[in-house]
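Engineer: The structure is given below, and queries will be raised subsequently.
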Amino acid sequence: MEIEVTGIKKAYARKQVLTDITFSMEAGSCAVILGSNGSGKSTLLSILAGVRRADGGSFLYRGTDLLRRPALIPKVLGYVPQGDPLMEELNAWDNLRMWYDRETLKRELADGALKLLGIDGFLKTPVRKMSGGMKKRLSIGCAVLSHPGILVLDEPSAALDPVCKENIRRFLDIYRKDGGIVLMASHDAQDLELCNMYYILRGGALHSYPYDGDFHRLAEAL
């Protein structure tokens, strides 16, 4: 397995949010974590991304425990939180320049991830004037700077128009087919079509769910 997560725990004060998060993923797989508001989805993803610290457990990627070597996380994992981590006063190009050197940026815009995401179409647009979909695509573009083997996304399609959703899904599908691992939290039925692994986060633990395309039955299980 490329990823092996075992026994991750997290508590805030006296509230135990995550009790025993355990799962594994292979290269080219896509998993979605579902759950009610406050179930701990964002907490889990931020722990894997190195933003928060776990109280216990391990996160092995190709045999290396990233929780014990957090400096490696940005090199192998791209993270897109719910809130867009962008500089509002800058345009798309200047935001990307904070992550990419000029030559790499030009190459990715001509025939790479940034081209696939359609970012070349709004390079001079200030972030404050962007639509939600443009901001999300730019955030993903920043996250894939180092061509990470893992991409973690928190509600990637939330409040986006259908065209932007399709653009992002097309990119994620290509990323996965190229051997990347996608882990997301989502409540969008179309996002689930990309996935081959489904988990419900309940009571601080992940429970595998046999999703068969019946979204209404899934919603009742949350």
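Engineer: Pick from region 24-55 the residues that are on the phi > 0 side of the Ramachandran plot and out of contact with any helix residue (DSSP H, G or I) (no Cβ under 7 Å at 6 or more places or on another chain): which of them is surrounded by the fewest Cβ atoms within 10 Å (Cβ to Cβ)?
Structural biologist: Of everything passing the filter in region 24-55, GLY38 is surrounded by the fewest Cβ atoms within 10 Å (Cβ to Cβ).
Engineer: What pairs come out if I take residues in region 46-73 that are under 18 Å from GLU2 (Cβ atoms) and pair them with residues that are among the acidic types (Asp, Glu) whose C-beta lies under 6 Å away, six or more apart or interchain?
Structural biologist: Pairs that qualify, where the first residue is under 18 Å from GLU2 (Cβ atoms) and the partner is among the acidic types (Asp, Glu), are SER58/ASP65; LEU60/GLU4.
Engineer: Given (1) under 12 Å from the mean Cα position of the chain (by Cα); (2) farther than 17 Å from ILE3 by Cβ, where does LEU77 come up short, assuming only one miss?
Structural biologist: Failing condition for LEU77: (2).
Engineer: Here is a further query. Residues being without any contact (Cβ under 8 Å) to a residue 60 or more places away in the chain and within 10 Å of the chain's Cα centre (by Cα): count how many of those fall in region 141-159.
Structural biologist: 0
Engineer: Report the residue count in region 79-104 for those that are aliphatic (A, V, I, L, M), open to solvent by 20 Å² or more (accessible area, probe 1.4 Å) and not in a loop (DSSP other than H, G, I, E, B).
Structural biologist: The qualifying residues number 0.
Engineer: In this structure, does LYS9 turn out to be out of contact with any Pro (no Cβ under 6 Å at 6 or more places or on another chain), touching a residue at least 24 places away in the same chain (Cβ under 8 Å) and closer than 16 Å to ALA143 by Cα? So that I can check it myself, show each step before the final result.
Structural biologist: On the way: out of contact with any Pro (no Cβ under 6 Å at 6 or more places or on another chain): yes; touching a residue at least 24 places away in the same chain (Cβ under 8 Å): yes; closer than 16 Å to ALA143 by Cα: no.
The answer is no for LYS9.
Engineer: Follow-up. Please give the strands (runs of 3 or more DSSP E) falling wholly within region 114-222 in which 2 or more residues are in contact with a Cys (Cβ under 9 Å, 6 or more places away or on another chain) and open to solvent by less than 50 Å² (accessible area, probe 1.4 Å). Full working, then the answer.
Structural biologist: Details: elements: 150-154, 181-185, 197-202, 205-208.
Answer list for region 114-222: 181-185.
Engineer: For region 52-79, give me each residue that is out of contact with any Phe, Trp or Tyr (no Cβ under 7 Å at 6 or more places or on another chain) and of a type in the set (Val, Ile, Thr). Can you show your working first?
Structural biologist: Going through region 52-79, the residues out of contact with any Phe, Trp or Tyr (no Cβ under 7 Å at 6 or more places or on another chain) turn out to be 52-64, 68-75, 77-79.
Within region 52-79, THR64, ILE73 qualify.
Engineer: Another one. Is region 105-113 home to any residue that is open to solvent by 20 Å² or more (accessible area, probe 1.4 Å), under 24 Å from ASP188 (Cβ atoms) and in contact with a helix residue (DSSP H, G or I) (Cβ under 7 Å, 6 or more places away or on another chain)?
Structural biologist: There is no residue in region 105-113 that is open to solvent by 20 Å² or more (accessible area, probe 1.4 Å), under 24 Å from ASP188 (Cβ atoms) and in contact with a helix residue (DSSP H, G or I) (Cβ under 7 Å, 6 or more places away or on another chain).
The values are calculated or read from the model by the stated rules, or taken from the named source; none is laboratory data. Just so it is clear, the model here is predicted, and its values are computed rather than measured. Reconstructed Cβ throughout: ideal geometry from the backbone, glycine too, with neighbour counts over all protein chains shown. All accessible areas refer to the heavy atoms of the entire protein, side chains included, with ligands and DNA or RNA removed. Shrake-Rupley method; radii C 1.70, N 1.55, O 1.52, S 1.80 Å.
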